[in-house]
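Below is one structure, written out as structure tokens; comments come after it.
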Amino acid sequence: MSMNQEPKIAVRDLTMAYGDFVVMRNLDFEIKKGEIQVIMGGSGCGKSTLLKHLVGLVVSHSGEIFYDGKRFAPDASDFDSISRQFGVLFQAGALWSSMTLQENVAFPLEQYTDLPAREIAELVDLKLSLVGLAGFGHRFPSELSGGMRKRAGLARAMALDPEVLFFDEPSAGLDPLSSVRLDDLILELRDALGATVVVVTHELASIFSIADRALYLDVETKTALCNEDPKALLDDPSTDPKVIEFLTRGAASDKT
Amino acid sequence: MGSESRDQASIDFQIEGKSAVLVLSGTWIVGVPRPSPVDASARIKSISGVEKLSFDLRAISDWDSILLVFLRKCYDAAVEQGITVSTSDLPEGIRNLLTLSLAVPEQKSAEMDSENDWFTRVGLQTLRICGGLDDFFVFLGQFVIDCGAFVVGRARIKLRDFLHLLHETGGRALPIVALLNGLTGLIIAFIGVIQLQKFAADLYVADLVGLATTRELAAVITGVIMAGRTGAAFAAQIGSMQVNEEVDALQTFGVSPMQFLVLPRVYALLLMMPLLCVFANLFSMLGGYVVAVSIADISGIQYMNQLKEAVSLSDFFLGIFKSCVFGLIVAMAGCYRGLNCGRDAASVGQAATSAVVTAITWIVIADAIFAVIFQIIGI
């Protein structure tokens with residue numbers, strides 16, 4: 001592990017657009033190695049779109065994204081080697097419905113490693129047990145509840161011991177207890193693997209419990225308003241009132 | 001609320017100087033006859049010299065949302081006339097709901113405002129079609145690149161999945177292909193026999209069935225069946241994977257959807273279509289056989305011998321070649337529409353529909369082109 005101070009992920013003047021419609025402009029932030037970065041904001045502000053840019057599913061309108069100082073774009077030569085460090089948990093799990101859980105988790109391992117089938121099976125069992133799904137390997141995604149699918153999606157995202165984990169609305173559709181457990185799991189993964197974590201969410205409880213930094217995307221100005229520790233944001237008088245309102249469910253503006 | 005009386009809903013305008021009071025009474029619930037809001041707003045617009053409008057709802061016995069609709073219409077009409085509306089006399093529940101409905105102004109989308117003229121619409125439509133063509137060529141280009149990858153053996157298609165696709169596109173399609181082609185042969189033979197009997201040329205029904213089947217019908221009918229059966233299924237499968245973000249998940253693992261989803265489907269259909277076409281030929285000729293033996297005065301042996309005389313091997317292979325092309329068209333149309341599917345449930349249906357329409361259209365066009373080419377080179 002190198003000790004350089006270079007950020008794990010650097011986003012430089014990124015503008016996201018669908019056709020002529022600008023979603024967010026002039027995004028400029030850095031994520032350090034081992035940090036948990038939350039991307040928050042109201043519905044429809046482009047949180048998930050930003051995540052899709054970060055994992056290379058959508059090409060940016062302008063601006064650049066760097067991983068360890070290397071430019072990341074579908075036309076860059078390092079695209080495949082960089083994206084190999086990613087693990088992505090999609091909103092509804094996005095398990096491949098024609099495969100069993102075991103096959104879903106084994107798929108990335110078969111794609112990228114030459115491990116013998118026995119070792120792959122052992123690794124798959126381990127990953128499934130980490131998310132509390134030991135023994136469910138032979139089920140198909142359609143036979144599982146939404147929360148289980150999401151956890152299975154996490155097992156698949158962890159299959160290759162990724163250096164960067166992305167979560168798209170991890171607590172959406174989960175009951176409060178499962179969502180707390182998922183938050184704990186995210187923290188444990190970061191501590192155990194030293195992974196950098198990017199979480200898109202608007203769940204306040206999980207923002208405060210996991211985030212090292214929170215980037216607030218504002219729909220009206222179409223840009224980021226702040227990128228700080230959410231607990232510090234509340235005490236900081238210079239924080240934009242919109243962010244305070246968001247972080248307090250509007251309670252702050254009612255008092256004034 | 002909760003009154004049992006079903007007294008007629010009615011309104012009454014009381015105008016005193018510069019202020020008007022709209023008095024509502026009776027039962028205002030859905031399904032019960034009531035004054036039309038259009039008339040009331042027209043009435044409001046017609047009165048002049050009034051600066052303030054208020055409502056009197058004391059005589060109302062029962063109400064639901066329909067009352068709010070009425071009040072809202074009157075409110076809008078009054079505001080449009082420059083009349084100030086006082087809602088303070090309304091009962092609290094109704095007032096709060098009305099305030100809530102007025103809180104956010106109606107969203108007027110930008111597109112609705114601009115009334116495009118005919119030329120703009122034609123231009124936009126043309127651009128849209130060109131954009132679609134662009135997408136298709138990107139798809140085609142990627143397909144050709146990845147075809148190479150498959151030959152070299154870099155693409156990773158699981159054998160089990162591929163066998164499953166072969167079964168799905170081959171074996172399971174056989175019964176319907178056999179049935180429809182058998183019936184087609186039967187129909188052709190039936191029409192043929194009736195006509196040919198006039199010239200005492202019954203025997204040539206074998207030529208008719210044999211040539212029509214091998215050169216044209218077996219391939220075309222099988223193609224159309226597969227477009228409806230398999231092309232639509234491909235579009236729906238890949239489309240719902242798109243909706244479910246499964247395609248995104250593949251991409252984040254560095255697996256090209258083209259290699260993983262499209263290529264195996266195209267190859268499966270490309271392999272199975274000629275085989276299905278062979279069966280289609282067989283069953284069509286069998287259908288003809290049944291008619292020839294039962295209605296016309298031809299023996300089975302005669303029919304077979306005549307068939308052997310009439311149909312050359314080149315006729316047979318011509319049909320098989322066509323079926324390969326049709327298979328390619330069906331699979332490409334299905335996969336292309338599936339991959340370009342939108343992100344909601346309705347667009348999966350659209351993708352399936354347009355996959356079938358695209359495939360059948362192109363099958364007919366390709367068949368016409370083949371007819372001209374084979375005519376010119378004389379096969």
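Values quoted throughout were computed directly from the atomic coordinates according to the rules given, and no laboratory measurement underlies them. Keep in mind that what you see is a predicted model, and the values were worked out from it rather than measured. Here the Cβ positions follow ideal geometry from the backbone for every residue, glycine too, while neighbour counts run over all protein chains shown.
Averaging 1/r across all pairs of distinct Cα atoms in region B:238-319 and inverting the result yields a Kirkwood radius of 16.6 Å.
Of the two radii for region B:318-370, the radius of gyration is 1.09 times the Kirkwood radius, both from the alpha carbons; that is the Rg over Rh value.
Can you tell me the relative contact order of chain A? Whole percent, Cα pairs under 8 Å, sequence separation 6 or more. Rounded, it is 24 percent for chain A. If you run the Gaussian network model on chain A, springs between alpha carbon atoms under 10 Å, then out of A:M99, A:M158, A:M16 the most flexible one is A:M99. Ranking B:G349, B:V330, B:T87 by how far each Cα lies toward the positive end of the dipole of the protein assembly as shown (charges on Cβ) leaves B:V330 at the top.
Across region A:1-72, counting alpha-carbon atoms alone, Rg and Dmax equal 12.7, 43 Å.
How high is the relative contact order of chain B, given as a whole-number percent (alpha carbon pairs under 8 Å, six or more residues apart)? Walk me through the intermediate numbers first.
Details: 507 pairs, mean separation 64.1, N = 379.
Value for chain B: 17 percent.
Computed from backbone phi, the HN-Hα couplings of region A:60-66 come to 6, 6, 7, x, 9, 10, 10 Hz, rounded to whole numbers (Karplus: 6.51 cos²θ - 1.76 cosθ + 1.60, θ = phi - 60°; Gly and Pro given as x). Hey, what D do you get for region B:269-379 in µm²/s if you plug the Kirkwood alpha-carbon radius into Stokes-Einstein at 4 °C and 1.567 mPa s? In µm²/s, the coefficient is 78. Backbone phi angles across region B:9-17, fed through the Karplus curve with coefficients 6.51, -1.76 and 1.60 (θ = phi - 60°), yield HN-Hα couplings of 6, 8, 10, 8, 8, 10, 10, 10, x Hz in residue order; Gly and Pro are listed as x. The angle between the Cα long axis of helix B:300-310 and the main principal axis of chain B comes to about 90°, on a 0 to 90 degree scale.
Average projected area of the Cα convex hull of region A:70-194, in nm²?
Values: hull surface 33.1 nm².
Computing the convex hull of the Cα atoms and averaging its projections yields 8.3 nm².
With θ set to phi - 60°, apply the Karplus curve 6.51 cos²θ - 1.76 cosθ + 1.60 along region A:30-45 and write out the HN-Hα couplings as whole Hz, x wherever there is a Gly or Pro. 3J(HN,Hα) across region A:30-45, in whole Hz: 10, 10, 7, 4, x, 8, 9, 9, 9, 10, 10, x, x, 4, x, 8.
Looking at the protein assembly as shown, what % of its DSSP beta bridges pair antiparallel, to the nearest 5?
On the way: 26 of 56 bridges.
Of those bridges, close to 45 percent are antiparallel.
Ignore the peptide's own chain and count Cβ atoms of other chains within 10 Å of each Cβ in A:87-94; give me the average, rounded. Present the calculation step by step, with values, prior to reporting the outcome.
On the way: counts 2, 6, 1, 6, 2, 4, 4, 9.
Per residue, the number of nearby Cβ atoms from other chains is 4 on average.
Annotation: amide H of A:T223 within the under-5 Å range of A:R25, A:D218, sequence separation 5 or more or interchain, hydrogens built in the peptide plane.
Would you work out the Kirkwood radius for region A:3-127? I mean one over the mean of 1/r across all pairs of different Cα atoms, in Å.
Values: mean 1/r = 0.0599 Å⁻¹.
Result for region A:3-127, one decimal place: 16.7 Å.
Close amide H contacts of B:D56 (hydrogens built in the peptide plane, cut-off under 5 Å, sequence separation of 5 or more or a different chain): B:L22, B:V23, B:L24. Rg and Dmax, both from the Cα atoms of chain A and both in Å, are 18.6, 64.
Structural size metrics of chain B, computed from C-alpha coordinates, are Rg and Dmax of 34.6, 106 Å. Relative to the longest principal axis of the Cα atoms of chain B, the long axis of helix B:174-197 makes an angle of roughly 70 degrees. Helix A:117-130 axis versus longest C-alpha principal axis of chain A: approximately 40°, rounded to the nearest ten.
Working ranking of peptides B:327-340, B:118-131 by packing, defined as the average number of other Cβ atoms within 10 Å per residue, highest first, is B:327-340, B:118-131. Between the alpha-carbon centres of region B:12-78 and region A:131-173 there is a gap of 57 Å.
Under the classification rounded if a/c is under 1.5, otherwise prolate if a/b is larger than b/c and oblate if not, where does the protein assembly as shown fall, given a ≥ b ≥ c as square roots of the Cα gyration tensor eigenvalues?
Oblate, since a/c reaches 1.5 and b/c is not below a/b.
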